[in-house]
1. Apply 1/(1 + (r/R0)^6) to the Cβ-Cβ distance of residue 135 and residue 312, taking R0 = 60 Å, and write down the FRET efficiency to the nearest 0.05.
2. Subtracting the Cα-Cα distance from 0.36 nm times the residue separation, let me have the gained length for residue 481 to residue 600 in nm, one decimal.
3. Measure off 7 Å from each Cα along the Cα-to-Cβ vector at residue 553 and residue 587, then give the distance between these two points in nanometres to one decimal.
4. Return the Rg/Rh ratio of the range 648-761 with Cα-based radii and a Kirkwood Rh.
5. Quick one: Karplus J couplings for the range 721-735, per residue in order, coefficients 6.51, -1.76, 1.60, θ = phi - 60°, nearest Hz, x for Gly and Pro?
6. If one computes P(r) from the Cα atoms of the range 196-409, what percent of pairs lie at distances over 30 Å?
7. How do 451-463, 636-648 rank on mean C-beta neighbours within 10 Å, highest first?
8. Once label points are set 7 Å from the Cα along Cα→Cβ at both residue 724 and residue 760, what is their separation, rounded to one decimal in nm?
Amino acid sequence: MARRAPESDPAQDAPEVGAPQHAAAGIPAVVQSLRTAGAQMSARRTLATLRRVNQPDGFDCPGCAWPEPDRPHVAEFCENGAKAVAEEATERRIGREFFAAHPLSELAGRSGYWLGQQGRLTEPLLLDEGTDHYVPISWDRAFGIVAEELGALGSADEAAFYTSGRTGNEAAFVYQLLARRLGTNNLPDCSNMCHESSGSALVETLGVGKGSVRLKDLHQADLIIVAGQNPGTNHPRMLSALERAKRAGARIVSVNPLPEAGLERFKNPQTPRGLVGGGTRLNDLFLQIRLGGDLALFRALNLLLLEAEDENPGTVLDRDFIAEHCLGFEEWAEDARSTSWDAVLAATGLPERQIRELATLVLGSRRVIVCWAMGLTQHKHSVPTIREVVNFLLLRGNVGRPGAGVCPVRGHSNVQGDRTMGIFERPAEAFLDALGREFGFEPPRHHGYDTVDTIRAMRDGRVKVFFAMGGNFVAASPDTLATEAAMRRCRLTVHVSTKLNRSHVVTGVRALILPTLGRTDLDRTTKGRQFVTVEDSMGMVHASRGALRPPSAQLLSEVAIVCRLARRVLGPQDEVPWEDFAESYDAIRDRIARVVPGFEDFNERVRTPGGFALPHGPRDSRTFPTATGKANFTVNALTAPEVPPGRLLLQTLRSHDQYNTTVYGLDDRYRGIRDGRRVVLVNPDDARELGLDDGAYADLVSEWSDGVERRAAHFRVVHYPTARGCAAAYYPETNVLVPLDSTADTSNTPTSKSVVVRFEADSGQD
Ligand code: SF4
């Protein structure tokens, strides 16, 4: 029985606001998981599906990239994992009748939430030039149209091939191969908008752009610093790892402009204490830092460690590690000693005593891990910030030993895997050499466009064909009006998707929707049942096997779509065995094993339950494949966002009922928000100074050097205990405020966590 989708969009976004909560998960999480699943599928299907999430013979949760423990729990998923699965395994369907009834002009006015709730796509669809309805089309015709438009381009660089982090390794590998055989490195991906700053900083300082810790390291740490991350909503199973570490004696420090329930207390629903007891208090210290103040914080911490070493030489710094494995310590130390406390206190908004309290915890801890997410990566100075975090860990040898290391927590289930498979606009020469050797061609060597550059290129008419493997590019990107206008300039926009979203209703002259299998779906070819592989945030590669009958017999897997398109576009003479790849993913994995380091004997090793860990030199053997062959200390000038008087610094963030741009519901339970998303959280003292009453409505206007007015209208002001000078509101609604050209140095990541805004009278439109 297909579950009915909501007919109407909520007429008016009318949020109700109650008190924020101080504990995450517990019985409410169980109830909400079942309620969400029940709205999308039958109880029988819910049970059959949820029992297979994150299990060795099951499928990988399409939510975040948190790793599985060696022995998964029977219910190895969190509330938001249940929501992500229910969204995909939904029994709701949309096909030609839906698109006949809903013209594009109407769909363009619908909320992202409503579009996403309509159900799974069931057949390929074309929006032809000058028409207002998507109509069904055959796969052959669809591939023909893509081949036509690609063939009409002056160069392959007039096309861009975007990837969202849900794409499996096998599809990502053949996708990058297709783009490169066409002659372009225009392979933007969602990582450009999230952890690109982490990759840039870690490659420079440690030589590997990924986290160096495994799950067991978290369980062994003495001190875990969680900075700029809200695991309670964005990586909820991380709370189980923090609880276990805490029970083993670890201290936990959260550094965040917002007091997040998931960092205060965890009611683990898989334990009696969590179900009926008070749960586990997590953070021992909460530093309510200003947005963008983390560089200053770690500079101050490092100064205090230096001073402690001066007082007791040889007792604080790991001199042997520094001497043997590091370069640049002396230059760094000289600069660090010039750190100004006034600048630190101004940038962090923290009292000096709290920073000294943290330093004391550090001095009492041998094994330290720093975890972070967007709160560190989406600022202009994010790369120097993460480099300073690395300086902090190098000082006491907290890289390359158990219980210690760097832990950037990835947001999308396979975003790290996609990058490992070659989804990168600036690929390493070694990767291109290996790819060229394996497939007998010379890959393009010139760098391509990342996400922001792709938008600029579409805006300027330099990219005419936009192809997206999953995701919701338009909603996820900054500067919404500019991005939408750029997208509309394309000759053709193509989206490989499971469900409807905003990017399907903001189209090029022509548009295609190509419906694909989800993680939960059975993927069977003439060679039998296929499985895909993914790489989690800690570098573990494992299999994912869907089992549900696909929503429609017309769906193709991501791999099949790429391989059939490749044959059509590249022609019968192209030597790559695209047909073999489409039928047997083992054939793809055999090629990956020869091209990508660490994947030797891929097919054999990935069949072991739990999969295998990719090598990580800094972690495994304290070998640092940097330009110097050593771990590099770096000098990072103390900087922080500047905010003119009468303005606030806004961060865009997720509600608890949201995963990236997918909105599961209109509540944000932990923050006390219900039935609405157009809210802005403002510190009560800031609000009083700005004349913003709690419950009043106002427009947000961002300020940027190009003088363009970027307005997000009709937001309910919520007096909320944010850090002074800092406000918060949900994306994608506030992505309109993030200027396209406001990006992080080096990584070009949009600065979605530091947007200068002013408040204006409510214009009433939303
Ligand atoms: S923690 Fe992340 S990967 Fe795990 S179940 Fe939750 S959303 Fe899915």
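1. On the way: r = 76 Å, r/R0 = 1.26.
After rounding to 0.05, the efficiency reads 0.20.
2. Values: separation 119, 0.36 × 119 = 42.84 nm, distance 4.56 nm.
So the extension gain works out to 38.3 nm.
3. Those two pseudo-labels are separated by 2.4 nm.
4. Numbers: Rg = 13.7 Å, Rh = 14.4 Å.
Rg/Rh: 0.96.
5. x, 7, 5, 4, x, 10, 10, 8, 7, 6, 9, x, 4, 9, 5
6. On the way: 3896 of 22791 pairs.
Counting every Cα pair in the range 196-409, those more than 30 Å apart make up 17 percent.
7. Numbers: 451-463: 20.8, 636-648: 16.3.
Ranking, from highest mean packing down: 451-463, 636-648.
8. 2.9
The values are calculated or read from the model by the stated rules, or taken from the named source; none is laboratory data. The structure presented is a predicted model; accordingly, all values stated were derived computationally and were not measured. When we count neighbours, we look across all protein chains shown, and the Cβ atoms used for this are built from the backbone with ideal geometry, even at glycine. Surface areas here come from the heavy atoms of the whole protein model, side chains and all, with no ligands, DNA or RNA. Shrake-Rupley method; radii C 1.70, N 1.55, O 1.52, S 1.80 Å.
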